[in-house]
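Visitor: Let me give you the structure first, and then I'll get to my questions.
The values are calculated or read from the model by the stated rules, or taken from the named source; none is laboratory data. Computed from a prediction, not measured in an experiment: that's the story for all the values here. Every residue, glycine as well, gets a Cβ built from its backbone with ideal geometry; the counts of neighbours run over all protein chains shown. Side chains are part of the model used for accessible areas, which takes the heavy atoms of the whole protein and leaves out ligands, DNA and RNA. Shrake-Rupley method; radii C 1.70, N 1.55, O 1.52, S 1.80 Å.
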Amino acid sequence: MATRLPWIGTSWKMNKTRAEARDYALKLERSAVARSADAKLFVIPPFPAIADVAAILAETRVKVGAQNMHWADEGAWTGEISPLMVKDCGATLVEIGHSERRTHFGETDETVALKISAALRHGLIALVCVGDTWAEYEAGRTTEVLADQVTKALSLVGRDHSGLVLIAYEPVWSIGEGGTPADPDFADHQHALVKSVTRHILGKALPVLYGGSVNPGNAHQLAGKPNIDGLFIGRSAWKPEGFVGIVETVMDCLRSGQSESR
């Protein structure tokens, strides 16, 4: 990985009751990785569980995030959650632009940009998801698609912004049940591209995480790539021992010097 402090996190999507979320958080809180300075960890529960999870993990180094938010601070937006509400629950990070939000709930490049701007305005870390569909991948358009999505996502972010933006490359064909993991070399190449785009726009390369069928079998291969700054894990981390196991695998990989040089 390009960074010695990889970002490693998981989104629970629409899973876990509050009781189940508390049980997960308690087990994570008791693990050695929760207080480790060797990685930047985060979990993203459903909205009803954010406050409970944030309270349990408050004395650890694990950040807690939200899976979406609106760009306005308040207003007549039935069913939406504002940045102020996200912060009030104890979250410090917000996931923006996931392909499921784009496909099923009308998320657009324009609303993604608005949400990133709002997140930074309120001191939230913006975790921005980008990815190509299978048709785009088959047509050889991955590079073009990612460059376009990243450029539009960062259109309202100035070079002088003081907040933190993370990019998560999640091939649409790789996420979810039955998804096909991207080849680590292919993923690393796309990360290098995304970094170059962010460097052109903001004057510096942003951290880029890989997400898409990350599992215990491929985590070490992904961790060894020079342009992959972390992992955004799905169902393999929906049990605390699964999350902790992958974190330990990545840490061991980096400590043993298996990561490739730039």
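Visitor: Within the chain, what is the longest stretch that has no chymotrypsin sites (Phe, Trp or Tyr not before Pro) placed in a DSSP loop and near at most 11 other beta-carbon atoms within 10 Å?
Guide: 106-262
Visitor: Oh, and also: Taking θ as phi - 60°, what are the ³J(HN,Hα) couplings along region 196-210 by the Karplus curve (6.51, -1.76, 1.60), each to the nearest whole Hz, with x for Gly and Pro?
Guide: 5, 5, 5, 5, 5, 7, 10, x, 7, 7, 8, x, 10, 9, 9
Visitor: Let me ask another. Could you compute the FRET efficiency for His104 and Ala147, with r as their C-beta to C-beta distance and R0 at 25 Å, rounded to 0.05?
Guide: Approximately 0.55, to the nearest 0.05.
Visitor: Treating only the Cβ atoms of Lys and Arg (+1) and Asp and Glu (-1) as charged, compute the dipole magnitude of region 144-253 about its Cα centre; round to the nearest 20 debye.
Guide: Result for region 144-253 is approximately 360 debye, rounded to the nearest 20.
Visitor: Put +1 on the Cβ of every Lys and Arg and -1 on every Asp and Glu Cβ in region 110-262; which of Val244, Gly211, Ser196 then has its Cα farthest towards the positive end of the dipole?
Guide: Highest projection toward the positive end goes to Ser196.
Visitor: To continue, here is another question. Per DSSP H run of n ≥ 4, the term is -39500 (n - 2.57); total these for the chain, divide by its residue number, and report the mean residue ellipticity at 222 nm rounded to 500 deg cm²/dmol.
Guide: Using -39500 (n - 2.57) per qualifying helix, the result is -11500 deg cm²/dmol.
Visitor: Sticking with this one: Across the Cα atoms of the chain, what radius of gyration and what greatest pairwise Cα-Cα distance (Dmax) are found, in Å?
Guide: Every Cα atom of the chain included, Rg and Dmax give 17.1, 53 Å.
Visitor: Okay, moving on. Gaussian network model of the chain, Cα springs within a sub-10 Å range: biggest mean-square fluctuation belongs to which of Lys115, Lys225, Lys239?
Guide: Of Lys115, Lys225, Lys239, the Gaussian network model singles out Lys239 as fluctuating most.
Visitor: With +1 assigned to the C-beta of every Lys and Arg and -1 to the C-beta of every Asp and Glu, and no other charges, what is the dipole magnitude of region 125-173 about the Cα centre in debye, to the nearest 20?
Guide: For region 125-173, the charge dipole is close to 200 debye.
Visitor: Report the charge-dipole magnitude of the chain in Debye, nearest 20, computed about the Cα centre from +1 at each Lys and Arg Cβ and -1 at each Asp and Glu Cβ.
Guide: 700 debye
Visitor: For region 31-110, with equal point scatterers placed on the C-alpha atoms only and solvent neglected, what are the log10 I(q)/I(0) values from the Debye formula at q = 0.13, 0.15 1/Å, to two decimals?
Guide: -0.46, -0.59
Visitor: Turning to a different aspect of this structure: Out of the trypsin sites (Lys or Arg not before Pro) in region 135-170, which ones are loop residues according to DSSP with at most 11 other C-beta atoms within 10 Å?
Guide: Passing sites in region 135-170 are Arg159.
Visitor: Okay, moving on. Per 0.36 nm of contour for each residue apart, how much would the distance between His161 and Asp23 grow if the chain were fully extended, relative to their Cα-Cα spacing?
Guide: So the extension gain works out to 46.0 nm.
Visitor: Enumerate by residue number the trypsin sites (Lys or Arg not before Pro) in region 1-110 meeting two conditions: DSSP loop (anything except H, G, I, E, B), and at most 13 other Cβ atoms within 10 Å of the site's Cβ.
Guide: Sites meeting the loop and neighbour criteria: Arg4, Arg30.
Visitor: Working from the alpha-carbon coordinates of region 143-246, get Rg over Rh, Rh being the Kirkwood radius.
Guide: The Rg/Rh ratio comes out at 0.99.
Visitor: Let me ask something else. Once neighbouring chains are kept in place and the probe is 1.4 Å, which whole percent of the accessible area of region 195-256 is contributed by carbon and sulfur?
Guide: 52 percent
Visitor: Another question, then. With a 1.4 Å probe and every protein chain left in place, work out the accessible area per residue of region 1-135 in Å², rounded to a whole number.
Guide: Accessible area per residue, region 1-135: 45 Å².
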